Amino acid sequence: MNAFAFAPPPPSPAAEALRDEVRDFLKTELAGRTPLQKAESWNGHDPEFSRKMGARGWIGMTWPKKYGGHERTALERYVVLEEMLAAGAPVSAHWIADRQSGPLLLRVGTEEQRQSILPRIAAGECFFCIGMSEPDSGSDLASTRTRATPVQGGFLVNGTKLWTSLAHLSHYMILFCRTGDGKEDKHAGVSQFLVDLKNTSGLSIRPVNAQSGEHHFNEVVFSDAFLPETAVIGKLGDGWNQVTSELALERSGPERFLSSFAVLVELLRVLGRDPSERAAIAVGRLSSHILTLRRLSRSVAGMLQEGANPALEAAMVKDLGALLEQEIPEVARLLSPVEPSVSSDSDFAAVMAYVMLHAPSFSLRGGTREILRGIIARGLGLR
Amino acid sequence: MSDTTADLLRETATRLFQEHCEAPQLRAAEREFPAAAWAAVEEAGLHRALVPEEAGGYGVKVTDALSLLRVAGEHALPLPLAETMLASWLLAGAGLPIPDGPLTVAPVATGEALTLTRKDGAWHLGGATSRVPWGRNAVAAAVLAAHEGVPHVALLPASAWTIAEGENLAREPRDTLSFDAAPEAVEPAASGIGPAQLRAVGAAMRSLQMAGALARITAVSVQYAQDRVQFGRPIGKFQAVQQNLAVLAGQTAAASAAADMAAEAVAEGVRLLPIAAAKARAGEAAGQGAAIAHQVHGAIGFTYEHSLHFSTKRLLSWRDEFGNEAEWNLLVGRHMAKAGADRLWAEITAA
């Protein structure tokens, strides 16, 4: 008997009907998008597109209607996500808010926080970033040093957050920082705060460019930044429990194996309808992997829908997904010789360049490979 | 049939296999057919699980019937359960009688075919076919052969063939059968069932067996890592070993999902694309998984005396039976290429 189980994804006719709706929407909305733009996948930032998605009811899909949500199932949400990612839709603006920030507020936020923010997220008009990593705290999140010190009416925050994707384009940050006196174990005395990025003084945002030259990441410095009492999310000092449940939930989504899907699409385009046997076998193998991963991923979505907390299974899906995402460009380049270049006239060359420059991050972000495997090992009973 | 009845079937199988698949019995099975174990399988009716109710079966869902093969794989069951289920499925589909006893199917090797002819109303089957699973132990074989371009199923008793013995890595019989005989009975195969479908159902079955075997080697490897102490601690405390076991677990999960996909595809009328993807993925997992299991077990796992090889030799054999990864990935790749780049995603979601 193994420690993990992947129940078959439940059939969902409603989800399949939704799929056609989403495809029609995307056909219109993405008509002018180039393969290179599509390769950005969930890195593409487009507030107007997010608003349109919100208007269609495709953000906050599983949330209660009283908060602007649509009370649809996890599998219906899954369909929207995977169609967006496979089509290369620019979903990054609302992605974090929809995936984890909103759900966090739903779980532990105050009624006031929920009422004032959730409907705006669901409308595709309110964007979030994650304030977790620091220069000296990556995988070891519990070693966070940024500190919120109680003062009259609130807290003063000092410290530096790093890798904060899209902080420069977000309305809010969910800040994870120390509030305790440091005498307890490092998992105690940490808390989460809602930071209004547009209306908080004492914070500055500086770009940290990726090796591709693009600006997604930021360094956010807090220098006696004041947060009101109402900024506390959930329970003061309970940040570790709150954040770990946030992390576990989203490791298994379709974004965990579709990051380089655009490469496979463009490869198929250059190979044509009748490729060599060698190329067909390689394409078939990658497709077999995608089919299997999709099944695993949907299985986890089904388990989440049932109210389970499949943290082990989710870690396994993410680990397998990153391996596949990184392998796709490596296989593709040997089937159709190409010199990758973002500015190339060849869609294949441009998409390959984009994905190659981002590939190292697939096994780093959202759960670094070595850490995930440690989590799996723990789930197997080894730690 | 309710879910609980299917669970009961699996529980019966598990208990039965546990009783008959301990290491001494697996060793003995490499030399001699385990007749007592087969008798128990027949008594429990497991071998008839794929026979539709209208042909004398007991109305188990196809996916539940096939799930027995995952359990069989987990226990390294040294019996033609899959083959008897496959033969009975083929025979039932053609409206032919299903003999008692262990059965097998032919042809199974890539590209082989037997010659079925009819003269003055009398059927004749000729030719030789290799790698037939459990040929020497089967009381009869269900043979798929074309007559005037139409797939037919022929039922032949063991007396109708001569044998040249062979085996796979796990010493499961894989025999060459030579025919020059009149079949007991011949009927056209069920609509839509031809060599490709027979091969696919065999591949789906091997996928399930491999998923079971991978589950077994993952469990025993984790246990071994917790039991084996070196440098003053269980070797499972070392990160290098933990990372390896995490990878093994991931491959096992992938194979499990692939096997489920294959079983559903058989139930939905033997849909080739998902079965192809499943066999390829499970086969890839089998090789990677077996290697890690041996690595974790160190030298002791490499011995005949230790029972790891009963599982790993089967994994390395089954991945090459009913088509290897290259064969099935070729089918998937050609399908996707024909659909074209802009339909790739639609094909994936419809698979």
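Against the list (1) in contact (Cβ under 8 Å) with a residue 40 or more places away in the chain; (2) buried (at least 18 other Cβ atoms within 10 Å of the Cβ), the condition B:Pro195 fails is (2).
Conditions (1) closer than 24 Å to B:Arg136 by Cβ; (2) among the small types (Gly, Ala, Ser), marked per residue:
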| residue | (1), (2) |
| --- | --- |
| B:Glu30 | yes, no |
| B:Pro34 | yes, no |
| B:Trp38 | yes, no |
| B:Glu43 | yes, no |
| B:His47 | yes, no |
| B:Leu50 | yes, no |
| B:Gly57 | no, yes |
| B:Val62 | no, no |
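At least 3 residues being out of contact with any Ser or Thr (no Cβ under 6 Å at 6 or more places or on another chain) is the threshold, and among the strands (runs of 3 or more DSSP E) wholly inside region B:129-190 those reaching it are B:140-147, B:150-157, B:174-181, B:185-188.
The lone criterion from (1) within 30 Å of B:Ala337 (Cβ to Cβ); (2) within 12 Å of chain A (Cβ to nearest Cβ); (3) among the hydrophobic types (A, V, I, L, M, F, W, C); (4) buried (at least 21 other Cβ atoms within 10 Å of the Cβ) left unmet by B:Ala286 is number (2). Just one of (1) farther than 29 Å from A:Ile59 by Cα; (2) of a type in the set (Gly, Ala, Ser); (3) part of a loop (DSSP other than H, G, I, E, B) fails for A:Gly124. It is (1). One residue stands out in region B:321-342 among those that are assigned to a helix (DSSP H, G or I) and under 17 Å from the mean Cα position of the chain (by Cα): the one that is surrounded by the fewest Cβ atoms within 10 Å (Cβ to Cβ), namely B:Glu327.
Tell me, which strands (runs of 3 or more DSSP E) lie completely within region A:190-248 with 3 or more residues that are in contact with an Asp or Glu (Cβ under 9 Å, 6 or more places away or on another chain)?
Where strands (runs of 3 or more DSSP E) fall fully within region A:190-248 and carry at least 3 residues being in contact with an Asp or Glu (Cβ under 9 Å, 6 or more places away or on another chain), they are A:190-196, A:203-209.
Could you please find all residues in region B:99-128 being in a loop (DSSP other than H, G, I, E, B) and on the phi > 0 side of the Ramachandran plot?
B:Gly101, B:Gly111, B:Asp120, B:Gly121, listed by residue number.
Scanning region B:235-252 for residues that are within 8 Å of another protein chain (Cβ to nearest Cβ) and without any contact (Cβ under 8 Å) to a residue 24 or more places away in the chain yields B:Gly236, B:Lys237, B:Gln239, B:Gln242, B:Gln243, B:Ala246, B:Gly250. When every residue of region B:291-302 is checked against the conditions, none turns out to be closer than 17 Å to B:Gln209 by Cβ, among the small types (Gly, Ala, Ser), within 16 Å of the chain's Cα centre (by Cα) and in a helix (DSSP H, G or I). Look at region B:253-273 and say how many of its residues are more than 7 Å from chain A (Cβ to nearest Cβ) and assigned to a helix (DSSP H, G or I). Total meeting the criteria: 10.
Residues of region A:1-47 that are in a loop (DSSP other than H, G, I, E, B), touching a residue at least 24 places away in the same chain (Cβ under 8 Å) and away from chain B (no Cβ under 11 Å): A:Pro10, A:Ser12, A:Leu30, A:Arg33, A:Thr34, A:Glu40, A:Gly44, A:His45, A:Asp46. For region A:256-278, the tally of residues that are surrounded by 22 or more Cβ atoms within 10 Å (Cβ to Cβ) and over 28 Å from the mean Cα position of the chain (by Cα) stands at 2.
Readers should treat all values here as calculations from the given coordinates under stated rules, not as data from a laboratory. If you're wondering where the values come from, they're calculated on a predicted model, not measured in any experiment. Ideal geometry is used to build each Cβ from the backbone, glycine not excepted, and the neighbour counts take in all protein chains shown.
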